[in-house]
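Step one of this worksheet: look at the structure below.
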Amino acid sequence: MSEASIRLALLPGFMLDDTLWDDLIPLLPGSWHVQPVALPRGRTVNEIAAGVASRLSEPTVVLGFSMGGYVARALAVSHPQLVEALVLVATSARETPQDAAPLNGASPAVFKGLSRKAVQRSLGPTHAEDGALIDRVRAMSVRLGPEEYAWQSAVDRVGTPLRGIRCPTMVVAAGQDQLRSIEESEELVREIPGAVLKVMEGSGHLVPLEDPGALADMLTHWVRTMDQSAPVPFSHMTRR
């Protein structure tokens, strides 16, 4: 894959907007064409994936974070001609939306953003008391608002066959993730043909915010070398 021809689409997680990628994008090769894609409305991940497909014009490396990982998987199955490679970060094959943070009894009608406690649960121990980072995540949810919260909470995540994915796939897990376990990433790797697993030991769930440098290095290296080596079997997965 030519360096200058690499196109990368970034799909965010639950109640996160394009600013999720602000620390990551500057660390990626300047020759890459990087396209943050807000999740379009849909009742199911397959409907959302169809909306994402309409925004991609050429074969693209698709990175899906958390809820965006569900959409990325559906996109790879339903529109394989658009997905050159797949990167699944802090996500799962399970259908329970653990990343949909509760509102502590509040209704979307009085939604004032994700609570501090909910955001802290998404962070690893190193960042759990980082007030600026917590405020940054809460601000994203405030910008998206109550209608977006109600819609994203209700999205049906059922029915994406993992074995239908045929493109090179890297699964990135976070060692300190309280929302998605290493076992869930291992499940993805077992079911997606040829998938490889990388583990970022020091990060919590919000990988693009907690350790963008390590994610950028991991992504850049994998994209540059994935055409040069055979897929790594699950039994030989690497940990980082």
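The values are calculated or read from the model by the stated rules, or taken from the named source; none is laboratory data. Computed from a prediction, not measured in an experiment: that's the story for all the values here. Please note: Cβ atoms are built from the backbone with ideal geometry, for glycine as well, and neighbour counts cover all protein chains shown.
Values computed for the structure shown
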quantity	calculated
Identity of the residue in the stretch 40-65, among the aliphatic types (A, V, I, L, M) and not in a helix (DSSP H, G or I), that ends up nearest to the chain's Cα centre (by Cα)	LEU63
Every residue from the stretch 143-182 that is touching a Lys or Arg at 6+ places or on another chain (Cβ under 8 Å), outside any loop (DSSP other than H, G, I, E, B) and at pLDDT 95 or above	MET170, VAL171, VAL172, ALA173, ALA174
For VAL87: the one exception among (1) within 20 Å of TRP151 (Cβ to Cβ); (2) at pLDDT 95 or above	(1)
Residue within the stretch 46-53 that is more than 15 Å from ALA72 (Cα to Cα), touching a helix residue (DSSP H, G or I) at 6+ places or on another chain (Cβ under 8 Å) and at pLDDT 95 or above present	no
Some residue of the stretch 202-217 being of a type in the set (Asp, Glu), surrounded by 15 or more Cβ atoms within 10 Å (Cβ to Cβ) and in a helix (DSSP H, G or I)	yes
Any hit, the stretch 167-177, residues being of a type outside the set (A, V, I, L, M, F, W, C), in contact with a helix residue (DSSP H, G or I) (Cβ under 7 Å, 6 or more places away or on another chain), surrounded by 16 or more Cβ atoms within 10 Å (Cβ to Cβ) and within 30 Å of ILE6 (Cβ to Cβ)	no
Residue satisfying all of: in the stretch 49-61; closer than 24 Å to TRP151 by Cβ and of a type in the set (Gly, Ala, Ser); surrounded by the most Cβ atoms within 10 Å (Cβ to Cβ) among these	ALA49
Residue count, the stretch 70-98 (criterion: in contact with an Asp or Glu (Cβ under 6 Å, 6 or more places away or on another chain) and among the polar types (S, T, N, Q))	1
Hits in the stretch 144-161 - residues which are in contact with a helix residue (DSSP H, G or I) (Cβ under 6 Å, 6 or more places away or on another chain) and within 15 Å of GLY68 (Cα to Cα)	TYR149, ARG157, THR160
Any hit, the stretch 117-128, residues being in a loop (DSSP other than H, G, I, E, B), of a type in the set (Val, Ile, Thr) and more than 19 Å from ARG94 (Cβ to Cβ)	yes
Flag if VAL155 is touching a residue at least 60 places away in the same chain (Cβ under 8 Å) and over 14 Å from the mean Cα position of the chain (by Cα)	yes
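Yes/no matrix, rows are residues, columns are (1) closer than 25 Å to TYR149 by Cβ; (2) buried (at least 18 other Cβ atoms within 10 Å of the Cβ); (3) acidic (Asp, Glu):
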position: SER5; (1), (2), (3): no, no, no
position: PRO12; (1), (2), (3): yes, yes, no
position: LEU27; (1), (2), (3): no, no, no
position: ARG41; (1), (2), (3): yes, no, no
position: GLU47; (1), (2), (3): yes, no, yes
position: LEU63; (1), (2), (3): yes, yes, no
position: MET67; (1), (2), (3): yes, yes, no
position: ARG73; (1), (2), (3): yes, yes, no
